[in-house]
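These notes are about the structure you will find just below.
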Amino acid sequence: MLNRPRRNRKNDAIRSMIEETVLRPSNLIYPLFLSNTNIEKEPISSLPDVYRLNMDGILKEIEESIEAGIKTFILFPVIPESFKDKTGSYSYQDDNFYLQGIRKIKEHFPGVVLMSDVALDPYSTDGHDGIVRNGEILNDETLPILSKMAVAQAQAGIDIIGPSDMMDGRVRTIREALDVHQYEHVSIMSYTAKYASAFYGPFRDALDSAPKAGDKKTYQMNPANKNEALREAELDEAEGADFLMVKPALAYLDVIHLLKENSYLPIAAYNVSGEYAMLKAACANGWLEYEKAMPEMLLSMKRAGADSILTYFAKDYAQLYKKLL
Ligand code: PBG
């Protein structure tokens, strides 16, 4: 036998000498849910160990995460039903607790990078990402609202705008609005290939943002398709996106790889709520070992081509990484 691949695996030093993929805590983006209640940490039953945090809770969680090596956060608002309307107008009101929260976080931690979510669903009585009329999700009518939301977020101090709505033309509209308001330094991470996935369920529980009627299939992508991902990537690049994102991640590793091979832009992957919940449930049952299965899951996304990963595991991964150093 001339070739024995096992020679390259014979001990830990050799294995780590030729290790191809490294995932650092600074590659991770940590999603946080901000509420305006007086409950510091409110559990979410379908997302174990993830909480709806009020301002005090968020500041503590960010402090602990920075300590562990996390530098970037994405913030989602838990909007009370009474603030919701058909057009999501609360999203750009100046006294909005989400925008105030952004200001406060930047005051306390000027060094962190903060990403936002731009879409109507958390603010909308219909629970859709765009305006709904007669059961139809309106594209062009939604764009000006997305722009207002993005400009308000930039004004509050957001570093990266995250349009997650999948309306056509939103990246360009948002880019132009930001530039007109002299926020040309504010980045856009576009949810480029966002699929109409069953894996967003726990997130919608967290924000109580599930669609009241119908589904999101007229704007989010068909899980069967790859060519559309390339088309969306081409458009987002042309419209001025700084990063392209694939979402979900674990069930779409091929799409992450495809975009990585076809773009010079950094690729992000969103390890979504259902993927997190699935692993946590298996570990809670003793069927999988958390400290091994969790890093392996995240590593697969990096290996597929993701430069950065949005994940609810971020803080745990960073703490584990520190422990193993
Ligand atoms: C809102 C949005 C969703 C997620 C991120 N932004 C839900 C959806 O599109 O219905 C899902 C994230 C997750 O499941 O972790 N547009």
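Quick one: is Asp215 touching a Leu at 6+ places or on another chain (Cβ under 6 Å), within 12 Å of the ligand (Cβ to nearest atom) and in a loop (DSSP other than H, G, I, E, B)? No: the conditions fail for Asp215. Filter the stretch 136-185 for residues that are open to solvent by less than 40 Å² (accessible area, probe 1.4 Å) and farther than 21 Å from Lys247 by Cβ and give the result. Passing the criteria: Leu138, Ile145, Ser147, Val151, Ala152, Ala154, Ala156, Gly157, Ala177, Leu178.
Counting the residues of the stretch 70-92 that are over 20 Å from Asp208 (Cα atoms) and either at pLDDT below 95 or of a type in the set (A, V, I, L, M, F, W, C) (or both) gives 2.
Evaluation of Arg204 against the conditions (1) in a helix (DSSP H, G or I); (2) within 25 Å of Val132 (Cβ to Cβ); (3) open to solvent by less than 70 Å² (accessible area, probe 1.4 Å); (4) away from the ligand (no atom under 13 Å from the Cβ) shows that the sole unmet condition is (4). Of the residues that make up the stretch 32-53, is at least one of a type in the set (A, V, I, L, M, F, W, C), away from the ligand (no atom under 16 Å from the Cβ) and outside any loop (DSSP other than H, G, I, E, B)? Checking the stretch 32-53: not a single residue is of a type in the set (A, V, I, L, M, F, W, C), away from the ligand (no atom under 16 Å from the Cβ) and outside any loop (DSSP other than H, G, I, E, B).
Of the residues making up the stretch 241-289, those that are within 15 Å of the chain's Cα centre (by Cα) and within 12 Å of the ligand (Cβ to nearest atom) number 13.
Candidates are the residues of the stretch 54-105 that are among the basic types (Lys, Arg) and open to solvent by 40 Å² or more (accessible area, probe 1.4 Å); the one that is nearest to the chain's Cα centre (by Cα) is Lys71. Glu261 meets the conditions (1) modelled with pLDDT of 95 or more; (2) of a type outside the set (Val, Ile, Thr); (3) assigned to a loop (DSSP other than H, G, I, E, B); (4) open to solvent by 60 Å² or more (accessible area, probe 1.4 Å) in every case but one. The failed one is (3).
The values are calculated or read from the model by the stated rules, or taken from the named source; none is laboratory data. Being a predicted model, the structure only gives us computed values, none of them experimental. When we count neighbours, we look across all protein chains shown, and the Cβ atoms used for this are built from the backbone with ideal geometry, even at glycine. Quick note on the areas: whole protein, heavy atoms, side chains included, nothing else; ligands and nucleic acids left out. Shrake-Rupley method; radii C 1.70, N 1.55, O 1.52, S 1.80 Å.
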